[in-house]
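First the structure, in the form of structure tokens, and then the observations on it.
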Amino acid sequence: MAFGRKIYEELEGYTPGEQPKEPGVIKLNTNENPYPPSPRVLEALQALSADNARRYPDPVAAPLRRVCAEIYGLPGEEWLIAGNGMDELLALVLRAFVDPGDTVLALYPTYSLYEVLCRIHDCQLRYIDADENWQPPESFYEEKARLCFLTRPNAPTGLALDRALVEKFCTNFPGIVVIDEAYVDFADDHCMDFPERFENVIVMRTFSKSYSLAGLRIGIAAANPALIREFMKIKDSYNMNAWSQEAALAAVQDQEYMHQSAERVRKTRKHLREQLLDLGFTVHPSQTNFLLAHWAGTPSAAEIFETLRRDHHILVRYFNHRRLDNALRITIGTDEECAALVHALQRIIGDRG
Ligand SMILES: Cc1ncc(COP(=O)(O)O)c(C=O)c1O
């Protein structure tokens, strides 16, 4: 391509999970929430008018950041920045804190978008392989780099690194630590107190999972105000539209609804895990809204994925990546959706597991 940049010649871009057009598909492939957002979200959106479309939105989403600061227990809105999904904030963090050519660290396996973002930014992503129990090796705590993405709980393993170990890493690491808490509302604990304790820590959250707002693209990052100012300098002037700001504000103010929704997901997760274990899968206990189910039998995980899709209209996620190509990542759906999945798996693998 004559006009494309040389550094992007080989770039493939991120491959999002399939979004089917036809109805009747059971979608357990992109870690969306199976339940609707709080009813207060739709009320807030309906209250918006043509003027909200005609005018520019609040450039810094001040009311949303103020309310989030209260809920997260942070001193004030200057500790937060909101964005067009967490993915935007992940791109901004590289732009703000990493020079092209610098090294960025992540544990493998993890969220594969980091690798694409580093390629786009022309910096090097260095993976540190998790051990056979998916834990960081001891050498991880001695690593040096400009920035590290630490996903907690991790995707696609669903496991959360012990908080004390995160603390040890943040204390030793000389660069910025981004703690990606996309799935934290399904977990047992969080690290939202770290930004006040460590000047190099940024904690990021999304409204796509526990708040059921993936379609509206809302993310938020917490860090000490000096870091937030760096983000603010380089972001698009109006990076969050008016609808997303209102929806996020309504959603975050209904904590009770969010916690109930997350609890329903957690209950189904426990039951589905037991059923998958009975079928012969190896499934670690998950702290997220998905399960990573490893499969050593026949047919292969890739074939199961394909048969689920073709014959049962059930989408799960299959990664043709090292250490993941014998596994399925299954988003927790409703009880009915998970029952349909288990039924289909029984038919596909029979008693061969
Ligand atoms: C680990 C992780 N971080 C970030 C995101 C992106 O969140 P958002 O939808 O807010 O861009 C995802 C989405 O799947 C994720 O899995």
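The values are calculated or read from the model by the stated rules, or taken from the named source; none is laboratory data. Only a predicted model underlies this, so the values are computations on that prediction, with no experimental measurement involved. For neighbour counting, all protein chains shown are included, and Cβ atoms are generated from backbone atoms with ideal geometry for every residue, glycine included. Heads up: the accessible areas ignore ligands, DNA and RNA and are worked out on the full protein's heavy atoms, side chains in. Shrake-Rupley method; radii C 1.70, N 1.55, O 1.52, S 1.80 Å.
Okay, here's what the table says:
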{"read-out": "Which of 120, 349 is most accessible, then next, and so on - probe 1.4 Å", "value": "120, 349"}
{"read-out": "Efficiency of FRET between residue 138 and residue 51 - r from beta-carbon atoms, R0 35 angstrom, step 0.05", "value": "0.05"}
{"read-out": "Student exercise, the chain dipole from Lys, Arg, Asp, Glu Cβ charges, in Debye to nearest 20", "value": "480 debye"}
{"read-out": "Derived scalar couplings ³J(HN,Hα) [the range 243-257; Karplus, 6.51 cos²θ - 1.76 cosθ + 1.60; whole Hz; x for Gly, Pro]", "value": "5, 5, 4, 5, 4, 5, 4, 5, 5, 6, 7, 10, 4, 4, 4"}
{"read-out": "Share, in percent, of DSSP beta bridges within the chain that are antiparallel, nearest 5", "value": "45 percent"}
{"read-out": "In the range 1-38, the chymotrypsin sites (Phe, Trp or Tyr not before Pro) that fall in loop regions by DSSP, at most 11 other Cβ within 10 Å", "value": "3"}
{"read-out": "Accessible surface, per residue, of the range 232-343 when the full set of protein chains is kept, probe 1.4 Å, Å²", "value": "46 Å²"}
{"read-out": "Violating pairs (Cα-Cα greater than 31 angstrom) within the set 6/144; 168/209; 6/209; 6/233; 144/267; 21/267", "value": "6/209; 144/267"}
{"read-out": "Within the range 283-353, trypsin sites (Lys or Arg not before Pro) in DSSP loop having at most 10 other beta-carbon neighbours inside 10 Å", "value": "322, 352"}
{"read-out": "Apportionment of accessible area to carbon and sulfur, the chain, percent (1.4 Å)", "value": "49 percent"}
{"read-out": "Ellipticity estimate at 222 nm from DSSP helix runs (n ≥ 4, -39,500 (n - 2.57)) divided over the chain, nearest 500", "value": "-11500 deg cm²/dmol"}
